[in-house]
Amino acid sequence: MLGDSIRTIYMSRMTENLVILRKKLKLTQAELAKRVGIGRQTLMDIENKKRPMTWNVFMSLFGVFRENEDTNSLLVFYSISTKELTKFITNS
């Protein structure tokens, strides 16, 4: 199980790199928001650090970015995708 402090680290890393990851997929805020099941305004607020990311949103974004080879590589580069997280997801 991942503790709250570890989850916060992953969510922070995703927030810091969210715009880069979204642009790498050539998606608008509206398109990415629709894919992960949130409103465009919510995604915009997360990107602008006006709203904290939830764990459910993190996991949805993680799933979208893992599907693409380029963004999956960036997840590893930015230490968002780690062995620890992969093990957690596999065992869940």
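Read-outs: derived from the displayed coordinates by stated rules, not from any lab. Note that the structure is a prediction, hence the values are computed from the model and not measured. All Cβ positions, even for glycine, are placed from backbone atoms using ideal geometry, and neighbour counts span all protein chains on display.
Extending 7 Å from the Cα toward the beta-carbon at both Asn91 and Lys34 defines two label points whose distance is 3.8 nm. If the chain linking Glu47 and Ile6 were pulled fully straight, counting 0.36 nm for each residue of separation and taking away their Cα-Cα distance, it would gain 12.7 nm.
A Cβ-based charge dipole, computed about the Cα centre of the chain with Lys and Arg at +1 and Asp and Glu at -1, lands at about 180 debye. Annotation for the range 18-58: trypsin sites (Lys or Arg not before Pro) lying in DSSP loop with at most 10 further Cβ atoms inside 10 Å of their Cβ are Lys26, Lys50.
Taking every alpha-carbon pair under 8 Å whose residues sit at least 6 apart, the chain reaches a relative contact order of 32 percent.
Along the axis of the charge dipole computed for the range 4-91 (Cβ charges of +1 for Lys and Arg, -1 for Asp and Glu, origin at the Cα centre), the listed residues Thr42, Met14, Phe58 are led at the positive end by Thr42.
Counting every other Cβ atom within 10 Å of each residue's Cβ, Ile38, Ile20, Ile80, Ile89 order from fewest to most as Ile20, Ile89, Ile38, Ile80. If you take mean projected area of the Cα convex hull in nm² from the coordinates, which of [x] 5.4; [y] 6.7; [z] 10.3 do you get? Step by step, mean projected area of the Cα convex hull in nm² for this structure corresponds to label [x].
Tell me what the chain gives for mean residue ellipticity at 222 nm when only DSSP H runs of n ≥ 4 count, each as -39,500 (n - 2.57), the sum divided by the residue total, rounded to 500 deg cm²/dmol. Walk me through the intermediate numbers first.
On the way: 6 runs with 67 residues, N = 92.
After summing the helix terms and dividing by the residues of the chain, the value is -22000 deg cm²/dmol.
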